[in-house]
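Take a look at the structure set out below.
The values are calculated or read from the model by the stated rules, or taken from the named source; none is laboratory data. All figures in this text were calculated on a predicted structure; none of them were measured in a lab. Quick reminder, even Gly has a Cβ in these numbers, built from the backbone with ideal geometry, and neighbours come from all protein chains shown. Areas reflect the complete protein model, heavy atoms only, side chains present, ligands, DNA and RNA absent. Shrake-Rupley method; radii C 1.70, N 1.55, O 1.52, S 1.80 Å.
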Amino acid sequence: MNSQSWFEVVNSDGIKPRTRIQSLWDFIAKKRYLMLFVFLPTLLVAAYYYIVAADQYQSEAHFIVSSSSGRSSSGGGLSGMLTGSSGGGDLASQTSAVPDYLKSHEAVAALSKQIDLVGMFQRPEADYISRLTADPLTPEALLRYYERMVKVHHDLETGITTLEVRAFRPKDAQTIAAHLLLLSEAQVNRMNRRRYQDAVATARAQVLDAQRQVAQVQRRMTAYRQNSRDVAPDVSGENQIRLVSSLKAQLATTQASLATMGGTISHSSPQYLALQRQVRSLQAQVAAQSAELTGGNATVAVNLGGFEDLRVQQEFAAKNYETAAAGLTKAQEEATRQQLYIVRVVDANLPVKSLFPQRERILLIVFAALFVAYGIGWLVIAGVKEHAA
């Protein structure tokens, strides 16, 4: 040590320290592009994710949209609904509408009214790159950031919708997920109301139309009774027919008696003449009552015919009303049977360990991508040099 400097000390492997350092610098100089374009960016990314990037916690929830009839949008049930039973395609579309709603401006606005959504995305522990920093904070900017932190996946095979919410605090992630589940249920209830109103509206309109027809026919019948001055034209017609029939029977009996009497006594006798006058009187009554029954425009037959027409219309309107009322009841039952509701398979959990950012995975991807890009660039440059030579 007295006769040699520190830089001249030889290690056990026979390499001087200065020679090793020089070799390291020579290697770095030789691989400077590899260091510059691969290792240095990787180190910068590692510095950000391990030193600067804030932890993000994820809360997850699973739910299914089903109907009161037991249908859901899962697997074979979906294909069966689309090809067979009524309402299946509509159920599938409304089931898909729930995830779409959770990713909409309307959901973000409703969520912001219930909780401090912006404040949760701007927590002090969040780093500048990860937190919500839009200025001015427009609804479009908030929605874009919201879509980064909230993921909704709908599996058509199982019918399960997966809701994933990330935040900078565990409780924030759970709170956002829980409120989104409540918003999903509220949206389903709104769709149920619209579905019920749409399904019943046509049937209710048919009932109202049938009611108007019944009322219209009833008014016409009342007016007809007033014009004809007959409360029950059908009863009056039947009475008139019975009266004519009775008079004709009496006339036939009297004529038979007159013929019998004419064979036994003189036609000039008082009895014969009296019976003859009775026959003429009955003939006059039969003619008068028959004329009232069938002759002229104001006869019983005319009144009864018009009344019968109105009664047929009344019966038809009544049957139409009964059919419409039964259709309304059936539509109400069907709409009620197809009511949708949310089935929570997995409720929003309170995360314990941060899952994001995925530092190791990101670093591996960055390093691999840079290394591949560097290798491609090196091959291109080497090919150009070889071609130029």
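In table form, for the structure just shown:
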| quantity | calculated |
| --- | --- |
| Segment Arg193-Ala284, length gained on full extension (0.36 nm per residue, minus Cα span) | 25.4 nm |
| Per residue solvent-accessible surface (Å²) - segment 142-214, probe of 1.4 Å | 48 |
| Local net charge near Ile176, Cβ-Cβ under 11 Å (Lys/Arg +1, Asp/Glu -1) | 0 |
| Carbon + sulfur, % of accessible area of segment 102-145 - ligands and nucleic acids excluded, 1.4 Å | 55 |
| Mean Cβ count within 10 Å, highest first, over the residues of peptides 120-127, 180-187, 351-358 | 180-187, 120-127, 351-358 |
